[in-house]
Structure formats: structure tokens, C-alpha cells
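Q: Quick one: the structure is below, questions incoming.
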Amino acid sequence: MDARFLGIAELTESPSVAVVVDVMRAFTVAAWAFARGAEKIVLAESLDQALALKARHPHWVAIKDGPPAPGFDAVNSPGLLRSVDLDGRTVVQKTTAGTVGALAVKEASLVLCAAFVVAEATAQLLRTRGCDRVTFVVTGEEGRAEEDLACAQYIAGRAGETGPEAAAFLHRAAASRAAAELAQGVRQGVHPDDVALCLEVDRFPFAMVATTEDTLMVLRPYAAPSPSRPHSDEASPA
């Protein structure tokens, strides 16, 4: 597989297939939202749009980065979201990097949003679709976020011929600037378990596919096909 790893600003044209990676924490949170029963996630372009959507649909659940704010129901933390019942609900998510990256490639024929928690399911979908050229969007730190690059390279390897083990990639992510900032409380809206939850490999058995629905970019879970090869890393049950 021909894999490219680009920051958001480096996207000069719309790729055919894009995997948008945000490990800490947008797409780890998105996966947890689906695990907690969410039907779909609307990726908002701005905080104002998220609030406007919430105003039009009061039963929707609005999520943002940082500390709690009026109009929003939750913050972008997997540790805080994992106890929230989202059964059948629509979530509106706006984050600093992840949602921005997904919207930047909305014209692609296939857009996947990914983190370690859905890595193998994402790789399986790429293999099943026969994707031979994939652009991985490294969303954090203007394309330099080590946790996102490590996850992207791991998924690329799993989707290709190498089938690497996860340990070295997780080590890189655990030593990243984002992990340190979350652990040290530099970022707001954080749960003490956030870093550990972001470093769970294959916690969930689905990929996440984003498509345009009525002008909005909507993320939905996609059940992964049966694995084509064994996965030797330990993974928490979904």
C-alpha cells in the first residue's frame, strides 16, 4: 500500500482515500460515543455551528475541547464520556484538530476517522476495500503529533504486508507531548484515565466512516469484516 502521512495544512488536493487520525482525544472519544450507544456523530465546523445544531435539536449531545461551557453537554474526554448513556442519540463534536482534519478531506471517496482503539478494524476495512493509495492525516501539532503519526503508521502497516506489533507504536504515543500534557493537567476537561484509554489497542470492533449527509459531515460506526490474519496483541473486549 502506498501510504502518505500529511498534516492538515499539507493537504493540497483531495485524496481518494483518507484516514484522519486523532488519538488524544477526538476519535478515541468518538469511538467511545458509539460504544455508549450513539447513532451518529456530526462533525461541526465551528463552536458556533455546534451550538446552532444543538439549539435546533435540543436532544442532541454537544461535545467540545477544553473545559465545560454553556450550551455543551460534555467535554472531549473518553474518561468522562465512558459513563454517559448515549443510546440512540446524535452527538455533535467540535475539536481543535480531529474534526478539522476530517472536514478538510470531506471530498474524498472514503474518509475514515481513527485512533488506536479502532486500529485493526480500520486496517481491515482498508484491506477489504483494496485501498492501494491512502493518505493518513496527522491532525495534531500541525502534522507533527507523535501519537497520531505512530497510530497512522501502525494502521498502515496492519493494512499492508508488514503486520507490525503495536508495542513500539504505543510507546511512541505514550511518550508524546499530548500524553504528557494530559497527564500533567496542562489541558482542561481531562479525566485521569484519558491517556490510558487513548492507548488501548482495538478496544472496539468497528471502523468509523465519515460521509456528507444533508451538507453535514456525519461519522458512523462500520462493523469490521472478519480478520484476515491473527492479531497477536492483547486487546480489551468491546
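Just so you know, all these numbers are worked out from the coordinates, no wet-lab data involved. All values derive from a computational prediction rather than experimental measurement. Counting neighbours? That spans all protein chains shown, and the Cβs are built from the backbone with ideal geometry, glycine included.
Q: Shape call for the range 46-177 from the C-alpha gyration tensor, a ≥ b ≥ c root eigenvalues: rounded (a/c under 1.5), prolate (a/b greater than b/c) or oblate?
A: prolate
Q: Could you give the nm distance between label points at Ser83 and Arg129, where each point is 7 Å from its Cα heading toward the beta carbon?
A: That separation, rounded to one decimal, is 3.7 nm.
Q: Got a sec to turn the phi values of the range 90-102 into Karplus ³J(HN,Hα) couplings, 6.51 cos²θ - 1.76 cosθ + 1.60 with θ = phi - 60°, whole Hz, x for Gly and Pro?
A: Calculated HN-Hα couplings, in order: 9, 9, 10, 10, 10, 10, 5, 10, x, 5, 5, x, 5 Hz.
Q: So how much slack lies between Glu161 and Arg4, counting 0.36 nm per residue of separation and subtracting their Cα-Cα distance, in nm?
A: 54.9 nm
Q: Under a crude label model (7 Å from the Cα following the beta-carbon direction), how far is Asp48 from Thr96 in nanometres?
A: Placing both labels 7 Å along Cα→Cβ, they lie 2.2 nm apart.
Q: Kindly provide the helix-only [θ] at 222 nm of the chain, computed as the sum of -39,500 (n - 2.57) over DSSP H runs of four or more divided by all residues, to the nearest 500 deg cm²/dmol?
A: The helix contribution divided over the chain gives -8500 deg cm²/dmol.
Q: Follow-up question, since we're still on this one. If you fit an axis through the alpha-carbon atoms of helix 146-159 and take the longest principal axis of the Cα set of the chain, what angle between them do you get, 0 to 90°, nearest 10?
A: That works out to roughly 50 degrees.
Q: Still on this structure, please answer the following. What's the center-to-center distance, using Cα atoms, between the range 146-225 and the range 68-123 in Å?
A: Their Cα centres are 11 Å away from one another.
Q: So, R0 is 22 Å and r is the distance between the beta-carbons of Arg56 and Val209; what FRET efficiency does that work out to, to 0.05?
A: Efficiency, rounded to the nearest 0.05: 0.35.
Q: Do you know the relative contact order of the chain, to the nearest whole percent, from alpha carbon pairs under 8 angstrom that are 6+ apart?
A: Normalised by residue count, the contact order of the chain is 30 percent.
Q: Turning to a different aspect of this structure: Would you please give the residues with an amide H less than 5 Å from that of Phe5, counting only those at least 5 places away or on a separate chain, with H modeled from the backbone geometry?
A: Sorted by chain and number, the residues that satisfy this are Phe136.
Q: Right, here's the next one. Over the Cα atoms of the chain, compute the convex hull volume and normalise it per residue, giving Å³. All intermediate terms of the calculation are to be shown ahead of the outcome.
A: Values: hull volume 26.5 nm³, N = 238.
Residue-normalised Cα hull volume stands at 111 Å³.
Q: Compute the helix-to-body angle for 47-56: its Cα long axis versus the longest principal axis of the chain, expressed 0 to 90° and rounded to tens.
A: Here the helix axis deviates by roughly 60 degrees.
Q: Kindly write out, for the range 19-28 in residue order, the coupling ³J(HN,Hα) from the Karplus curve 6.51 cos²θ - 1.76 cosθ + 1.60 (θ = phi - 60°), rounded to whole Hz, with x marking Gly and Pro.
A: 10, 9, 10, 9, 7, 10, 8, 3, 8, 5
Q: With springs only between Cα atoms under 10 Å apart, run a GNM on the chain and tell me which of Ala97, Ala166, Ala175 wobbles the most.
A: Highest fluctuation among the options: Ala175.
Q: A follow-up question, please. At Glu142 and Ala183, where each label point lies 7 Å from the Cα along Cα→Cβ, what is the point-to-point distance in nanometres?
A: 2.6
Q: With a/c under 1.5 counting as rounded, go ahead and sort the range 36-104 into rounded, prolate or oblate using the C-alpha gyration tensor (a ≥ b ≥ c being the square roots of the eigenvalues; past the cut-off, prolate if a/b is larger than b/c, else oblate).
A: Rounded.
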